[in-house]
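Q: Would you mind keeping the following structure in view while I ask a few things?
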Amino acid sequence: MLHIYCPHCAETREEEEFRPKGEAHIARPVEPEATSDEDWGNYLFFRKNPRGLHHELWYHAAGCRKFFNVTRDTVSYQIHETYKVGQKPSVTADKGAAK
């Protein structure tokens, strides 16, 4: 079982209290009216599924009911960090730990 730190509650809780919501840092199209059907489809349905470090959006369903981001290794399931939505990660998925 994962133990996840919620940056809003400032507590580490068991995985059962949280819900994964997919890839983090997905940018909504700037001009929705001018966005093609193909681009909307890519925005809505296509996500990265990397092996290794990945930024994910999680929801604290049984706690504060807020969203936050997690940097997690999809091979080992190790969580490297959690941070609030809108903040930048200190661990980058393409380079490992930031220096």
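Each reported figure results from applying straightforward, stated rules to the coordinates on display, with no laboratory input. All of these numbers come straight from a predicted model, not from anything done at the bench. Every residue, glycine among them, receives a Cβ derived from its backbone with ideal geometry; neighbour counts consider all protein chains shown.
Q: Quick one: among Glu38, Glu15, Glu81, which has the greatest mean-square fluctuation in a GNM of the chain with alpha-carbon springs under 10 angstrom?
A: Glu38
Q: Find out how many positive minus negative residues lie around Pro29, taking Lys and Arg as positive, Asp and Glu as negative, among other residues whose Cβ is under 14 Å from that of Pro29. List each step's numbers first, then the result.
A: Numbers: positive: Arg28; negative: Glu31, Glu33, Asp37, Glu38, Asp39.
Here the charged neighbours net out to -4.
Q: Please provide three numbers in whole Å: the alpha-carbon extents of the chain along the principal axes, with the largest listed first.
A: For the chain, the Cα spread along each principal axis is 43, 30, 23 Å.
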